[in-house]
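Just below is one structure, and these are the notes that go with it.
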């Protein structure tokens, strides 16, 4: 992929999710690309995507994409939402063939490489698990590792509970839902296979990784897609000569990148989540409200 003169290597990378879950991906991106700028959009007026119709998810994804490209001139797009990736990435790549677009998918391929027992549990939204993109991914992984057994659990309500916990600090609902969905998997009397790997298939779920860790055996691995997405973003930007250049005054790492936070609805939730989960300088967790109407 040659360098593109119409994209500015110093421009920001656009990242979006239906809510705060994409902060787990943004954290991985900032770790892998510490001197890049980011614009993060939480579509909080429409969260969660995982429980909405595909047509709505596609409309919202297109609206956010237009805003990031036209209003912020971002040089690349990261879809930090499994549901939006499953529903909309093919359309976005058709509409923006000149633009680096990175989608996310549940970490089934890393799970296949990691598992020793061959039994993997996937926690995800109902929308992700019902998508054709997820079915195709599972089929590809199973074709290369036919001995794998997947236990898929649609965690209804968990993303919304994480959103609420970020705002009010009360994790009771999250704990109850995690107990409900995980207890049967690891209770011998329920007859589930010997799971040794759990895929966190929604970007919200790594935000409560500590709570999930308390409810699974210490030998069980928890895998999410944040780091693979960050590596793919670096590869695409490097290939296109779009990595942010070093300053004339010193190495690029001397100029840490900035983060701009936007929300289409409630701003307090994203601000509280950024304060809790992003290592930002004091005051930089301020969130701007943005109106984004679907076409």
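FYI, it's all coordinate maths here, none of it is from the lab. Quick caveat: nothing in here was measured; it's all calculated off a predicted structure. Please note: Cβ atoms are built from the backbone with ideal geometry, for glycine as well, and neighbour counts cover all protein chains shown.
The table below gives the values:
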| read-out | value |
| --- | --- |
| Distance from region 45-123 to region 204-246 (C-alpha centre basis), Å | 14 Å |
| Förster radius 25 Å - calculated FRET efficiency between residue 136 and residue 6, Cβ distance, rounded to 0.05 | 0.15 |
| Spacing of the two label points (7 Å from each Cα toward its C-beta) at residue 55 and residue 156, in nm | 2.3 nm |
| Ordering of 260-267, 103-110 by packing [mean C-beta count within 10 Å, highest first] | 103-110, 260-267 |
| Where labels lie 7 Å past Cα in the beta-carbon direction, separation of residue 96 and residue 179 in nm | 4.3 nm |
| CD proxy at 222 nm, helix term only [per DSSP H run n ≥ 4: -39500 (n - 2.57); per residue of the chain; nearest 500] | -12000 deg cm²/dmol |
| Spin-label model distance (nm) - residue 116 vs residue 71, 7 Å beyond Cα toward Cβ | 5.1 nm |
| Neighbour-count order for 119, 67, fewest beta carbons within 10 angstrom listed first | 119, 67 |
| Efficiency of FRET from Cβ geometry, residue 170 and residue 279, R₀ 25 Å, rounded to 0.05 | 0.60 |
| With Cα atoms, 0 to 90° folded angle of helix 172-182 axis to the chain main axis | 60 degrees |
| Sequence ranges 135-147, 79-91, 273-285, 228-240, ranked by mean other-Cβ count within 10 angstrom, highest first | 79-91, 228-240, 273-285, 135-147 |
| Cα long-axis angle, helix 23-32 against the chain (0 to 90 degrees, to the nearest 10) | 60 degrees |
| Helix 132-144 axis, angle to the chain major axis (alpha carbon atoms, nearest 10°) | 70 degrees |
